[in-house]
Amino acid sequence: MTDPSTIERHSYDVLVVGAGGAGLRAAIAAHDAGAKVAIICKSLLGKAHTVMAEGGAAAAMGNVYSEDNWRVHFRDTMRGGKMLNHWRMAQLHAQEAPDRIHELEDWGALFDRTPDGLISQRDFGGHRYARLAHVGDRTGLELIRTLQQRAVALGIDVYMECTVTKLFQEGGRITGAFGYWRESGRFIVFEAPTVVLATGGIGKSYKVTSNSWEYTGDGHALALEAGASLVNMEFVQFHPTGMVWPPSVKGILVTESVRGDGGVLRNSEGRRFMFDYIPEFFKSETADNEAEADRWYDDKTNNRRPPELLPRDEVARAINAEVKAGRGSPHGGVFLDIASRRSAEYIQRRLPSMYHQFKELADVDITAEPMEVGPTCHYVMGGVAVDPDTEESTVTGLYAAGEVAGGMHGANRLGGNSLSDLLVFGRRAGIAAAAAATAAPSERVSISDDDVTAAADAALAPFERQGGENPYSVQQDLQDIMHRLVGIIRRADEMQQALSELEQLKERSAQLSVEGHRQYNPGWHLALDLHNMLRVSECIAKAALERTESRGGHTRDDYPATEDDWGTVNLHCVLDDDAVSVRRETLPEMPDELRELFEEK
Amino acid sequence: MTLTTEAPGATPAEAPSAIPSFQVTMRLRRFNPESDTEPRWENHTLTMHGTDRVLDALHKIKWEIDGSLTFRRSCAHGICGSDAMRINGRNRLACKTLLKDLPLKKPITVEPIKGLAVQKDLVVDMEPFYAAYKSIMPFLITTGNDPSRERRQSPADRERFDDTTKCILCAACTTSCPVYWSDGQYFGPQAIVGAHRFIFDSRDEGAEQRLEILNDREGVWRCRTTFNCTDACPRGIEVTKAIQEVKQALLFRRV
C-alpha cells in the first residue's frame with residue numbers, strides 16, 4: 001500500500017504527455033496561449049522518436065515548384081491514404097503546414113536552401129511536386145532540437161524520464177494523470193483539466209521495426225482505457241526500405257530520400273521491378289518506362305513520376321512479392337541502388353547519415369554498391385479518434401496529436417506528412433487544450449486518495465508476485481506473433497490464431513514478476529509497457545480481421561481487392577468490459593469544393 | 001561473478017551462418033544505489049557475432065541474464081545520443097561500436113561516462129550537462145519584426161555552421177574532457193558547440209550575449225585543447241576547432 005499523502009503532486013492547466021515533435025509543439029502553443037503547462041517524457045528531452053525522421057517535412061510552400069499549393073498537397077494526401085483520411089484533417093494539414101515550417105525557420109531551424117536562399121524542397125513518394133523541407137537526411141533531429149530550444153527559451157516545465165500509467169477522470173472529464181519517475185521509481189500525480197497525448201506509435205509490438213524503445217502504444221492504451229475510441233487501427237505502415245542485414249540492425253530505416261534523390265529498386269536479376277507493380281489507381285501519374293522515369297528528376301512538368309516513388313504501401317508490397325518469388329537479395333531483401341546513378345560526391349552531400357549508417361553498421365559503401373533493403377514496421381496510421389479542429393477525443397479534456405492520433409493519414413501515410421502533421425496538430429491541440437483549461441478554472445476537481453492508491457497498487461503489482469515470468473520473454477513472443485500473423489500480408493485464420501495467442505500472452509503478462517527494487521528498474525518498466533502493447537495489438541488484430549478487403553497499409557491475402565463499400569467505413573476500437581470491440585462508422589462526407597479536386601484528369 | 005551464456009536458437013531467417021561468432025567477455029561497471037556502497041565490476045562471457053555491436057551485447061545480458069542491468073538507449077543507430085558510455089576507456093555510442101573492431105582477446109570494459117554522478121549502472125545524472133546546455137541560450141535571438149514568410153540564408157551562410165548543428169547532445173565530448181572531470185563549474189565542450197551553432201548562424205543576433213557568457217572564468221578559456229572531445233564525438237564534429245573559433249571570436253569580437 002502506498003500512502004497517497006506522501007506522493008509528489010503538481011497542478012497544471014495543460015499536461016502534455018510525450019516530448020516528440022507533437023508534444024513539444026503542443027506545449028509551446030499552450031504556453032503561448034497563457035496556460036500553465038508541463039511536458040512529461042519517458043526518455044531524456046530531445047531523444048524522442050521524432051529525432052529519427054530523416055527525409056523532411058511536407059509543406060506546399062512552392063519554393064521549388066510555384067505550381068504547388070495546398071489543394072495539390074491535400075489531393076496527394078487523400079489519394080495516398082486511399083481516400084480513407086478524415087478530409088478535414090487532411091485539409092487543415094495541407095493548408096497550415098507551410099506556416100508551421102516558416103515558424104520553425106523563424107525559431108532558428110536550419111534548412112537546406114535553394115540558390116536564392118529560400119528553404120529547399122525535395123521529392124518524396126506520392127507527392128506530385130518536390131515538397132519536403134529538409135536538412136540533409138537529419139530533418140527530425142533539427143526539428144526536435146528547434147522545438148526543444150524553443151521550450152527552453154520559454155521556460156516550460158519538463159519532467160524527464162517520467163512515465164504516465166493512468167489518466168484520472170471524474171464525471172466523464174479528465175482531471176489528471178498518474179506516473180512514476182524512472183530513476184527513483186517514486187510516484188507522481190498531476191492534477192490537470194486537460195491532457196494532450198503525444199506519445200507516438202506502437203512499433204515495438206513488431207519484431208522488425210524502425211521504431212525506438214519508447215514506441216509501446218502508451219497513449220493509445222491510456223486513451224482506450226479512459227473511454228476514447230481508436231480509429232483505423234488495422235492500418236500499420238511497413239516502410240518499404242529498412243536494413244535487412246546484418247541481423248543486429250535489421251529494421252533500421254533507409255530513408256525514402258534515397259529514392260527521391262534518384263535511387264532505384266532492383267531484384268536479383270537486375271530488373272527495375274517496380275514497373276511491374278503500378279496499380280490502376282496511380283497509372284495516369286506514374287511513368288511506365290525507364291527513360292521517362294529518369295527524365296522526371298529534371299523535368300516534372302512533362303514526365304510522370306518513377307514507380308519507385310509510389311506510396312509506401314505499394315512499394316512495400318512489391319518488395320514482399322519479389323522476395324517471395326525468389327528474386328530477392330542474398331539476405332532476403334531487394335537492392336536499392338543509388339551508386340550507379342549518382343556521383344559519390346552527390347550521395348555523400350545529400351545522404352550523409354545513410355552513407356555513415358551503411359559504412360559503419362553493414363560495412364557497405366553506398367556510393368559504390370547497392371544496399372539491401374526490405375519492409376520494416378514504421379508507423380501506425382490508426383490512433384485516437386479526435387475532432388479535426390481541436391484534436392479533442394470523445395473524452396472531455398483528453399486531446400491527442402501526432403502519431404497517437406488517428407484519421408489524418410487514412411489507410412496509408414505519405415512520407416514527409418508525419419513531421420508536418422506533428423506541427424500542425426500539435427499546435428492545434430495545445431491551443432484548444434489551453435482554451436478549455438483556462439475557460440473554467442472553478443470547475444477543477446481534485447483527485448481522490450482512493451484513485452491514487454488504486455493507480456499505485458496497479459503499478460506495483462509486478463513486485464507483489466514471486467517466481468513469475470520475465471517480461472522480456474513475453475515481449476519477444478508478442479513481437480513474434482504480430483510479425484508472423486498480423487504483419488504485412490494478412491489472413492483470417494492467421495489473425496484468429498493471433499488473437500488466441502494474444503489471450504494467452506495476456507494471462508502470462510498478468511503473472512509477470514520483476515526482481516529488485518523500484519529504482520531504475522528496466523524490467524518493471526517493461527512489465528508496465530507490455531500492458532499497453534498487448535492492448536494495442538489486440539486492437540490491430542481485431543480491426544484487421546474485421547476489414548475484409550485490402551487497402552493501403554492493410555493487405556488481405558484472402559480479400560485482395562479494394563472494395564468500394566469499405567471505402568466509406570472507418571473502424572473504431574473501444575474498450576468494452578476489458579476487451580476490445582470493433583464498431584463501424586461512416587466516413588464523414590467531403591464538401592463538394594474538395595471533392596471536385598479529385599475529378600480532374 | 002562470471003557467467004557464460006550460449007546464444008539461444010536463432011530463428012532460421014536470421015541464422016547468421018555466414019557471420020563468424022566468437023566468445024567475448026563484457027566487463028561491466030555496475031552500481032545499484034540500493035545495495036552497493038561502491039561500484040563493482042561484473043564479467044559476462046557471451047557468444048556474439050561479427051556484426052554485433054556493444055549495444056547488442058548489453059541487450060543480450062539484460063534480456064537473457066540479468067534484467068536489472070540499466071543503461072539508456074533509444075534509436076539504437078546513433079541519432080538520438082542516449083547510449084554514450086566509456087568503452088575500453090574511450091567515450092563512444094554503444095550502438096555504433098562494433099565488437100569486432102575492439103580487441104576481443106581481453107575483456108571489453110564498459111563504464112558510465114565520467115564527470116557526472118552515477119545513478120545506477122551505466123546511467124548518469126544528466127542534469128548538470130543540460131544546465132550547461134541551457135546556460136548559453138540555445139535558441140535563435142533576433143531583434144526587429146518577424147519575417148512574413150522566411151528569412152533568406154545563402155547556401156554558403158548555411159554551410160558556415162553546419163558542423164555544429166549535427167550535435168546529438170550525447171555528452172560524449174563533455175565527459176571526455178579532463179578539465180570537466182576536475183572542474184564541475186566548467187561549461188564543457190558541448191555547451192560551447194551549442195553556442196557556436198548560433199554565434200555563426202547568419203540569422204542570429206545574440207552573439208555578443210553568448211560570447212560574454214563564454215568569456216566567463218569557467219568559459220572557453222578553461223579549454224586546454226587536448227582534442228579528447230573531437231576524438232569522442234560520434235558525429236565527427238570538429239569540437240576543438242569550434243571551441244577555437246569561439247575563442248577567436250572573443251579575441252577579435254568579430255563573427
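The values are calculated or read from the model by the stated rules, or taken from the named source; none is laboratory data. It should be emphasised that the depicted structure is a prediction, and the values quoted were computed from it without experimental measurement. All Cβ positions, glycine included, derive from the backbone under ideal geometry; neighbour counts span all protein chains shown. These accessible areas exclude ligands, DNA and RNA; they are computed on the full protein's heavy atoms, side chains included. Shrake-Rupley method; radii C 1.70, N 1.55, O 1.52, S 1.80 Å.
What the table shows:
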{"item": "Relative contact order [Cα under 8 Å, 6+ residues apart], chain A, whole percent", "result": "22"}
{"item": "Calculated SAXS-style log₁₀ I(q)/I(0) at q = 0.22 Å⁻¹ - the range B:18-124, Debye, Cα scatterers", "result": "-1.28"}
{"item": "Across A:K300/A:K359; A:K250/B:K114; B:K134/B:K241; B:K105/B:K166, pairs whose alpha-carbon gap is larger than 27 Å", "result": "A:K300/A:K359; A:K250/B:K114; B:K105/B:K166"}
{"item": "Degrees, to the nearest 10: A:352-362 long Cα axis against longest axis of chain A", "result": "80"}
{"item": "Contour excess over end-to-end distance, with Cα ends at A:R444 and A:Q95 and 0.36 nm allotted per residue", "result": "122.1 nm"}
{"item": "Highest average packing first - A:343-349, B:229-235, A:184-190, Cβ atoms within 10 Å", "result": "B:229-235, A:184-190, A:343-349"}
{"item": "Label point distance in nm, A:D387-A:D276, each placed 7 Å from Cα along Cα→Cβ", "result": "5.1"}
{"item": "Cα gyration tensor shape for the range A:454-578, rounded if a/c is under 1.5, else prolate or oblate", "result": "prolate"}
{"item": "Potential extension, A:L594-A:E507 segment - 0.36 nm per residue separation minus Cα distance", "result": "26.5 nm"}
{"item": "Solvent-accessible heavy-atom area per residue, rounded to whole Å², over chain A at 1.4 Å", "result": "32"}
{"item": "DSSP beta bridge pairing in chain A, given as percent antiparallel to the nearest 5", "result": "65"}
{"item": "Electrostatic dipole magnitude of the range B:18-124 [Cβ: Lys, Arg +1; Asp, Glu -1; Cα centre; debye, to 20]", "result": "400"}
{"item": "Label-point gap, in nm, between B:E205 and B:F22 - each point 7 angstrom along Cα→Cβ", "result": "5.8"}
{"item": "Interface burial for A against B (accessible surface, 1.4 Å probe, total of both chains, Å², rounded to 100)", "result": "5200"}
{"item": "Long-range amide H partners of A:T165 with built H, under 5 Å", "result": "A:F178, A:G179, A:Y180"}
{"item": "Portion, in percent, of the accessible area of chain A that falls on carbon or sulfur, probe 1.4 Å", "result": "45"}
{"item": "Prolate/oblate/rounded call for the range A:240-375, Cα gyration tensor, a/c under 1.5 rounded", "result": "oblate"}
{"item": "Additional length obtainable on full extension of the chain from A:V569 to A:E290, 0.36 nm per residue less Cα span", "result": "96.7 nm"}
{"item": "C-alpha long axis of helix A:417-439 to longest principal axis of chain A, angle in °", "result": "30"}
{"item": "Under-5 Å amide H pairs with B:C80, H placed in peptide plane, nonlocal only", "result": "B:C75"}
{"item": "Euclidean distance between Cα centres, the range B:23-60 to the range A:87-152, Å", "result": "41"}
{"item": "Average silhouette area of chain B, convex hull of alpha-carbon atoms, in square nanometres", "result": "17.5"}
{"item": "Label-point separation in nm, B:R90 to A:R327, each point 7 Å along Cα→Cβ", "result": "4.5"}
{"item": "³J(HN,Hα), Karplus 6.51/-1.76/1.60, whole Hz, each residue of the range A:537-546, x for Gly, Pro", "result": "5, 5, 4, 4, 5, 5, 5, 5, 5, 5"}
{"item": "Largest to smallest accessible area among B:K96, B:K247 [probe 1.4 Å]", "result": "B:K96, B:K247"}
{"item": "Between the range A:488-554 and the range A:261-330, the alpha-carbon center distance in angstrom", "result": "34"}
{"item": "FRET efficiency estimate (nearest 0.05) - Cβ-Cβ, A:T396 to A:E8, R0 22 angstrom", "result": "0.25"}
{"item": "Accessible-area value, A:E464, 1.4 Å probe, nucleic acids and ligands omitted, Å²", "result": "140"}
{"item": "Other-chain or far-sequence residues with amide H under 5 Å of A:A48's (modelled H)", "result": "none"}
{"item": "Chain A: C-alpha pair distances exceeding 43 Å, %", "result": "16"}
